[in-house]
1. Considering only region 19-44, state which residues are closer than 25 Å to Leu119 by Cα, in contact (Cβ under 8 Å) with a residue 40 or more places away in the chain and basic (Lys, Arg).
2. Just to check your reading of the model, which residue among Arg66, Arg79 is at pLDDT below 90 and surrounded by fewer than 19 Cβ atoms within 10 Å (Cβ to Cβ)?
3. Of these, Phe9, Phe86, which one is buried (at least 17 other Cβ atoms within 10 Å of the Cβ), over 16 Å from Ala126 (Cβ atoms) and touching a helix residue (DSSP H, G or I) at 6+ places or on another chain (Cβ under 7 Å)?
4. Return yes when Ala94 is over 11 Å from Tyr113 (Cα atoms), touching a residue at least 24 places away in the same chain (Cβ under 8 Å) and assigned to a loop (DSSP other than H, G, I, E, B) and no when it is not.
5. Report yes if some residue within region 99-109 is within 11 Å of the chain's Cα centre (by Cα), closer than 22 Å to Tyr5 by Cβ and crowded, with 20+ Cβ neighbours inside 10 Å; otherwise report no.
6. With the requirement that a residue be more than 15 Å from the chain's Cα centre (by Cα), among the charged types (D, E, K, R) and either surrounded by 11 or more Cβ atoms within 10 Å (Cβ to Cβ) or over 21 Å from Ala85 (Cβ atoms) (or both), what does region 38-63 give you?
7. Among the residues of region 110-121, write down those that are modelled with pLDDT of 95 or more and exposed (fewer than 12 other Cβ atoms within 10 Å of the Cβ).
8. Of everything in region 45-60, what is free of Cβ contacts under 8 Å to residues at least 40 places away in the same chain and out of contact with any Lys or Arg (no Cβ under 8 Å at 6 or more places or on another chain)? Give them in sequence order.
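The values are calculated or read from the model by the stated rules, or taken from the named source; none is laboratory data. Only a predicted model underlies this, so the values are computations on that prediction, with no experimental measurement involved. FYI the Cβ positions are ideal-geometry reconstructions off the backbone, even for glycines, and counts take in every protein chain you see.
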Amino acid sequence: MIELYRSAFYELSEDRRERVVTLARTAAPFLTHASVRAEVDRVVERFEPRHRELGIVVDMRSAPGRNDPEFEAAMRHLRFAVGQAFARVVVLVATASGQMQAARLHREGGFVYSISRDLIEARELASGMRAAADAD
């Protein structure tokens, strides 16, 4: 794994062998909407044109639960940037409610993302080793 970015809020790494990037959200809460946008900008700056051929696992299992409209609007930029920067996007969540929230947000964004509660499945989907229709 090659570390591309690390902060109190996100860890971005790349597994060049499996051709998968992982963006893991930490448990640290954002205190302001402005800090969300600034942090998202720092993460997005690390995306490279070559990533367009790779998949990404967006690991939200440790993220503090939050669904207020202002926060969701601030995160829209990240969802859009991820959808543009990667060939395959898999959101990894811990709970059924997290799965429902991720599905709602991604329908609103217009991108087709896979959502999983299983790390192995998520990595297989992101790498292209498993097609979304094959997911259990």
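1. Arg19
2. On the way: Arg79 fails: surrounded by fewer than 19 Cβ atoms within 10 Å (Cβ to Cβ).
Result: Arg66 is the single residue among Arg66, Arg79 that is at pLDDT below 90 and surrounded by fewer than 19 Cβ atoms within 10 Å (Cβ to Cβ).
3. Details: Phe86 fails: over 16 Å from Ala126 (Cβ atoms).
After ruling out the rest, the residue left standing is Phe9.
4. Yes, satisfied.
5. yes
6. The initial filter retains those residues of region 38-63 that are more than 15 Å from the chain's Cα centre (by Cα), namely 38, 48-50, 53.
Then keep just the ones that are among the charged types (D, E, K, R); that gives 48, 50, 53.
Residues satisfying the conditions are Glu48, Glu53.
7. Across region 110-121, the qualifying residue is only Ile120.
8. Of everything in region 45-60, those that are free of Cβ contacts under 8 Å to residues at least 40 places away in the same chain and out of contact with any Lys or Arg (no Cβ under 8 Å at 6 or more places or on another chain) turn out to be Glu45, Phe47, Glu48, Pro49, Arg50, His51, Arg52.
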